[in-house]
Structures are given as structure tokens and as C-alpha cells.
Amino acid sequence: LVLSCGTNACFNLIKEIRENYSDQIYVIGLDINKPCDVATASFVDEFYQTFPTKSPEFVDQLKEIICRTQPRYILPSFDEDQLLMTETFLSSFSHKISSLGCQTHAMEIYKDKVVMQNFLKKQDFPVPRMFALNELKLSQEYFVKPVRGVGSRGAKKMLGKEIIELDEGKDLVQEVCKEPEVTVECFKFKNFFSCISRKRLETKAGVCTKAEFINDPVLKKIAERFSK
């Protein structure tokens with residue numbers, strides 16, 4: 001059972017299953033959009049349009065679908081999907097079901113950018129400096145992003161005098177980092193680790209549309225240590 005199956009990652013995974021393992025794996029896809037608007041819908045065995053994860057109706061709808069389809073595994077995509085997959089939730093069904101998402105203890109750190117920042121700092125990872133509202137200089141520019149945000153939504157540069165008018169606790173305020181922006185793509189399985197760094201050359205609506213692949217041993221070392 002794949003939640004938010006319309007994402008690029010889910011599309012590629014499900015397409016791979018359909019082309020190579022269709023006789024071994026039965027795939028059920030869930031998404032908030034209609035099947036005609038979800039490319040993945042063409043590759044699943046069953047498709048269900050659902051309420052958004054944050055809506056109060058979603059959990060009951062998800063439970064009903066799970067009871068009806070009896071999946072052995074659930075693949076949650078977004079953070080909100082992941083946070084639902086607690087041991088209590090999974091054990092509430094009559095059949096054994098496992099989550100392929102993050103473990104609960106990891107999500108408790110990962111779900112909140114402030115908690116994550118403090119965790120990384122404690123582990124001696126290099127992180128941007130974080131500022132409290134009373135530390136801000138009115139004419140200085142800072143980088144602001146929602147504490148519970150996803151991707152780059154709501155992330156922007158703001159002056160200190162603008163930030164002090166925001167609701168305290170909802171946003172993380174950091175120093176503005178220097179360009180270039182580099183994303184490190186990682187893959188880890190047991191003792192195998194691989195990564196590649198891509199320097200962003202162009203972005204549209206927060207999505208990287210042009211990139212240069214680079215070999216950065218420093219970033220690789222950081223990513224490998226983080227994966228452990």
C-alpha cells in the first residue's frame with residue numbers, strides 16, 4: 001500500500017515493480033488527486049482517491065482501506081504519512097502489517113526542524129546558526145523556513161524587522177548561507193553506501209531544473225556519517 005503515490009519517487013518505484021515484479025508484488029496506490037491526474041495510477045493494481053493526510057477524515061478512511069485490502073506493507077511518502085505509522089497504529093489491525101518508512105524514534109527527531117537542528121549540532125554536524133527573535137538585527141537579512149515545513153515551501157529570506165512580526169515558534173530563523181546550493185543524493189543498504197552531489201544551477205518553484213554533478217569528498221563523508 002503506497003501513500004501519496006503520485007510523487008516522482010513513488011512513480012519510479014511502482015513503475016519498476018510493474019515492469020519487473022508484477023507477478024510477485026500487488027500494489028495499491030492512494031493519492032488525494034483523481035486517477036486521471038496521477039501518472040502512477042496506470043501502474044497500480046488498485047487505486048483510491050483519499051482525503052489529504054492532515055484532514056480529520058483521513059485516518060478513518062485509511063483504516064477502512066487497510067481492512068479491505070489487507071496489505072502486508074505500507075510505504076509512507078511525506079512526513080505526515082510517516083508520522084501516522086506508529087507501532088500502535090500498525091498493531092490495531094487483525095493482520096500483520098509493517099511500515100517501510102522511518103522508525104518512530106527517528107521521526108520524533110526528523111519531524112521538527114528545530115529538534116533536528118539541535119540534534120545535528122549535538123552530533124557535531126555543521127549546521128547554519130539559528131537565531132531567537134531577541135537576537136535579530138532589524139536591518140539584517142535572515143533565512144526563514146517553517147518548523148514543520150515540507151520541501152522548500154514557505155522558505156525565504158526576510159529582514160529582521162519583518163521576522164519579529166511572525167508567530168513565534170512556527171518558523172526557524174537561520175543565517176543566510178552562501179551559494180552554491182548543493183543537494184546530496186544518498187543510497188544506503190546494510191553496509192553499502194553511495195552518494196552523488198549536485199550543484200543547483202537553476203530552480204523553478206523550488207524544484208531544481210538544471211544541475212551540475214560534482215564529486216565532493218567532504219560532503220560524502222558528512223552524508224555517510226549522517227546515515228549511520
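The values are calculated or read from the model by the stated rules, or taken from the named source; none is laboratory data. A quick note: this is a predicted structure, and the numbers were derived from the prediction, not measured. Using ideal geometry, Cβ is built from the backbone for each residue, glycine included, and neighbour counts are taken over all protein chains shown. For the accessible areas, the whole protein counts, side chains as well, though only heavy atoms, and no ligand, DNA or RNA atoms are used. Shrake-Rupley method; radii C 1.70, N 1.55, O 1.52, S 1.80 Å.
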Please work out which one of (1) modelled with pLDDT of 95 or more; (2) closer than 18 Å to D112 by Cα; (3) of a type outside the set (V, I, T) is the condition A132 fails and give its number. (1)
Is it fair to say P146 is modelled with pLDDT of 90 or more and touching an Asp or Glu at 6+ places or on another chain (Cβ under 7 Å)? yes
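Residues checked against (1) in contact with a helix residue (DSSP H, G or I) (Cβ under 9 Å, 6 or more places away or on another chain); (2) in contact (Cβ under 8 Å) with a residue 12 or more places away in the chain; (3) at positive phi:
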{"site": "K170", "(1), (2), (3)": "no, yes, no"}
{"site": "T183", "(1), (2), (3)": "no, yes, no"}
{"site": "F189", "(1), (2), (3)": "no, no, no"}
{"site": "S197", "(1), (2), (3)": "yes, yes, no"}
{"site": "K204", "(1), (2), (3)": "no, no, no"}
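Need at least 2 residues that are open to solvent by 50 Å² or more (accessible area, probe 1.4 Å) and either closer than 25 Å to Q103 by Cβ or among the acidic types (D, E) (or both) per element, so show me which strands (runs of 3 or more DSSP E) inside the range 161-228 make the cut, counting only ones lying wholly within it.
On the way: elements: 171-174, 182-189, 192-204, 207-214.
Correct list: 182-189, 192-204.
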Here the residues within the range 94-119 that are part of a helix (DSSP H, G or I) and in contact (Cβ under 8 Å) with a residue 24 or more places away in the chain are M107, Y110, K113, V114, Q117
Restricting the range 130-149 to residues that are surrounded by fewer than 13 Cβ atoms within 10 Å (Cβ to Cβ) and assigned to a loop (DSSP other than H, G, I, E, B), the one nearest to the chain's Cα centre (by Cα) turns out to be A132
Out of curiosity, is Q61 closer than 20 Å to D31 by Cα and open to solvent by 50 Å² or more (accessible area, probe 1.4 Å)? no
